[in-house]
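One structure is given below, encoded as structure tokens.
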2 protein chains.
Amino acid sequence: MYAPISSSSSAFLGQRSSTNSRWSKVVITSRSCETIRCVVTPEKTAYKTKVSRNANPAKLQAGYLFPEIARRRAAHIQKYPDAQVISLGIGDTTEPIPEVIASEMAMRANALSTSEGYSGYGAEQGDKKLRAAIASTYYGGLSFSDGIFYGGLGIEESDIFVSDEAKSDISLLQLLFGSKVTMAVQDPSCPAYVDSSVIIGQTGLFQKDAEKCHLLLFTKQSNRLYSDKGLAGEADDSPRSIFEIPGAKEVAIETSSFSKYAGFTGVRLGWTVVPKELLFSDGFPVAKDFGRIICKSFNGASNIAQAGGVACLTTEGLQAMQDVVQFYKENTKIIVDTFTSLGFKVYGAKNAPYVWVHFPGQSSWDVFAEILEKVHLVTTPGSGFGPAGEGFIGVSAFSHRHNVLEACRRLEQLYK
Amino acid sequence: MYAPISSSSSAFLGQRSSTNSRWSKVVITSRSCETIRCVVTPEKTAYKTKVSRNANPAKLQAGYLFPEIARRRAAHIQKYPDAQVISLGIGDTTEPIPEVIASEMAMRANALSTSEGYSGYGAEQGDKKLRAAIASTYYGGLSFSDGIFYGGLGIEESDIFVSDEAKSDISLLQLLFGSKVTMAVQDPSCPAYVDSSVIIGQTGLFQKDAEKCHLLLFTKQSNRLYSDKGLAGEADDSPRSIFEIPGAKEVAIETSSFSKYAGFTGVRLGWTVVPKELLFSDGFPVAKDFGRIICKSFNGASNIAQAGGVACLTTEGLQAMQDVVQFYKENTKIIVDTFTSLGFKVYGAKNAPYVWVHFPGQSSWDVFAEILEKVHLVTTPGSGFGPAGEGFIGVSAFSHRHNVLEACRRLEQLYK
């Protein structure tokens, strides 16, 4: 109906003889409009291409954590159609994006319909303005401590690569390093971190007993640097970046996103820091290869989302984000207090709205099943994040307040 | 300043001893604010990690076509600071997004700041509504020809995977197939198609003499199917999809995007069709593995962009897009007529706004350089798209009308 103006690209997997076509066609066998009989050419055995299945995706564990949770939730709803199921499982944001941020995105969208406001392809690495704002907000500034000025974290605009979010960047990092390096993933961790390594072929079969990597320990060393930067009561327990550690720029890459800060899980915006100081063993800068891969595998984050990112990092945007963060922190405290008062030992929940509750000697999936069955609450079995998560359940504080309060009421009923 | 609420993930490339830190610090050596003297610890030789550079990105050809054009353009502007350089090189859209589409994106952005309108993570494969609209608009419907009803192209909603655009999808397709398959790329083609294969390791060195793959020939066989579908004068010269070919669903994947149709080059929205009928040699459906890779390497296109996609596929949106397409087609005709009247043989420019002009026996880069030097026009050297492009220059019709008219005036001046 509409002629294409750009050419599409297609990958042929094999050649088929047109005389052997299995394409169905519907043939009119009667002229009467009311009694058209349609005859469909019968489908024969499915044609198989000569292309072998890539062994890497085949190695992925069948039960991906969140789909499995969704499956059990659906089965539960079918079993108890009248139950008010509350989901504190997956870490998805629930509160609206602050108006000061959303309205900037709306303005950008409207501007795209004007000659002055229209723009096409942007830089693959992201808008200069946004990259500069990320560098100065999260990695910049001077700090003063013990008579010494520290020169911020030394991360500059050119070290920042804007993306559509961390999951995509982690996949591009796999392309960057290829399949011949050894990857260490902390345990427990988000399943996608392991799976993206499997896809590129960095493992044989999934190794359940792989040595644990306590990555987060590294980021707790240098909080002192930030004690004068307004972190208030949390100054010594809230590391912001791995680059707070002296020397980290020469050994580390950091991936982050606006998803949880700003409620951008659906809007899609993130960034990766690849410092120019980071070098391969032959001295070649890692950032140069990452830049090339970005340019060939990505075409920049949506310009509307990037306008939202810039709005996030204004004074008003930062304050508005902080208000939403505060709301989720209050949710977290309610959940922590509930479990603690019931005698459970609780971990995490300080710098992220995820509460880890210990059920010593029990299976995570058993605890998950019991909570769902008895009080209609969806949580996350810790073992889904790796062997070290066994015996824990994860409870997300990303939820509306009334759901959190009701969930806690039910937990008290179950465990009192 | 703002405590992170989500954990960031970091990849350590090595361990550094903190006693050997090269992190600069600025030390105050005077108490007077006016005469602070800053002493920066001198940087020693750069630290190299023990991680080997991945050989695949290293094999990419150094001069990526578009950066090289940009470099020459910048040098030209430096040489002739007063010249009015006109760029008909890269295929980037220039006309505003139709208001009927942009306003829907603005509405979606604003709605994200309300409780009712907010949404978080969407399906990785895209919104159901958008997938259905793509399937029915571009692949659906019945057609009637020679007394036979053809059942559309038989592509369904579940065969559509929404993405942030073709470049990202082509990279994910490389992850899908892995490095052990042979890839055929048409010649000439967009450099990114070759480069994404190089990154995954599917080639040794770039093979300039690789056998040519005349992929587009395949899509011209079945235009007849569309002769009743409103393509008017172009019916027999405007294939819409590779799936017009009987049997193609069992051997082909198609990638497309809203970039050029709707001016979404900056907004970022596209899709890939992986039909359920497409099977690996062992009978496993390709779409199942692609779905798993999408879920682990991508988290869905921006919800605002997807709202724009749905607006594109309404009756008003389709008409508005067609008006913009018509504008670019008129640009194309102006360029074609100019070159033809000057005695050049011109190719392409029928189903895409790219005019290929033949300069027999000449080097593409020489012609590019002459046109830039003498009349300040940026074109694209055909050889940048592959060996078969040598002797051609590409001229894009994506430009404002006054630029096209002025460019043609200069070309007449140069070649008359």
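The values are calculated or read from the model by the stated rules, or taken from the named source; none is laboratory data. In this text the structure is predicted, and so the values were computed from the model without any measurement. Neighbour counts run over all protein chains shown; Cβ positions are idealised from the backbone, glycine included.
Below, the figures for the structure above:
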read-out	value
Residue in region A:96-111 that is charged (D, E, K, R) and modelled with pLDDT under 95 present	no
Cβ-Cβ under 6 Å pairs, at least 6 apart or on other chains, region A:86-104 side in contact (Cβ under 8 Å) with a residue 24 or more places away in the chain and surrounded by fewer than 24 Cβ atoms within 10 Å (Cβ to Cβ), far side acidic (Asp, Glu) and assigned to a helix (DSSP H, G or I)	A:100/A:316
Residue A:253 being of a type in the set (A, V, I, L, M, F, W, C) and part of a strand (DSSP E or B)	yes
Qualifying positions in region B:263-287 - among the polar types (S, T, N, Q) and touching a residue at least 60 places away in the same chain (Cβ under 8 Å)	B:265, B:272
So residue B:416, is it out of contact with any strand residue (DSSP E or B) (no Cβ under 9 Å at 6 or more places or on another chain) and modelled with pLDDT under 95	yes
Subset of region B:69-83 [charged (D, E, K, R) and surrounded by 13 or more Cβ atoms within 10 Å (Cβ to Cβ)]	B:72, B:73
Residue count, region B:288-337 (criterion: among the polar types (S, T, N, Q), assigned to a helix (DSSP H, G or I) and in contact (Cβ under 8 Å) with a residue 40 or more places away in the chain)	5
Meets criteria (among the basic types (Lys, Arg), under 30 Å from residue B:162 (Cα atoms) and either surrounded by fewer than 19 Cβ atoms within 10 Å (Cβ to Cβ) or without any contact (Cβ under 8 Å) to a residue 12 or more places away in the chain (or both)) for residue B:350	yes
Filter result (among the basic types (Lys, Arg) and touching a residue at least 24 places away in the same chain (Cβ under 8 Å)) within region B:359-416	B:374, B:401, B:410, B:416
Within region A:155-182, tally of residues that are assigned to a loop (DSSP other than H, G, I, E, B) and under 21 Å from residue B:58 (Cα atoms)	5
Residue selected from region B:267-306 under the condition small (Gly, Ala, Ser) and within 9 Å of another protein chain (Cβ to nearest Cβ), by the criterion farthest from residue A:58 (Cα to Cα)	B:305
When residues of region B:353-379 are limited to those that are within 14 Å of another protein chain (Cβ to nearest Cβ) and among the aromatic types (Phe, Trp, Tyr), the one surrounded by the most Cβ atoms within 10 Å (Cβ to Cβ)	B:354
Only listed residue being at pLDDT 75 or above and under 30 Å from residue A:132 (Cα atoms), chosen from A:158, A:222, A:145, A:179	A:158
Complete set of residues in region A:320-351 that are touching a helix residue (DSSP H, G or I) at 6+ places or on another chain (Cβ under 6 Å) and small (Gly, Ala, Ser)	A:320, A:349
Condition met for residue A:333 (farther than 20 Å from residue A:261 by Cβ, modelled with pLDDT of 95 or more and of a type in the set (Lys, Arg))	no
Of all residues making up region A:308-333, the number that are closer than 19 Å to residue B:265 by Cα and either surrounded by fewer than 20 Cβ atoms within 10 Å (Cβ to Cβ) or within 9 Å of chain B (Cβ to nearest Cβ) (or both)	1
Members of region A:95-124 that are under 15 Å from residue B:111 (Cβ atoms) and hydroxyl-bearing (Ser, Thr, Tyr)	A:103
Matching residues in region A:393-403 - criterion: being buried (at least 24 other Cβ atoms within 10 Å of the Cβ) and not small (Gly, Ala, Ser)	A:393, A:395, A:398
Meets criteria (modelled with pLDDT of 95 or more and more than 17 Å from residue B:71 (Cβ to Cβ)) for residue B:378	no
Selection from region A:122-138 of residues that are surrounded by fewer than 18 Cβ atoms within 10 Å (Cβ to Cβ) and closer than 21 Å to residue B:168 by Cα	A:123
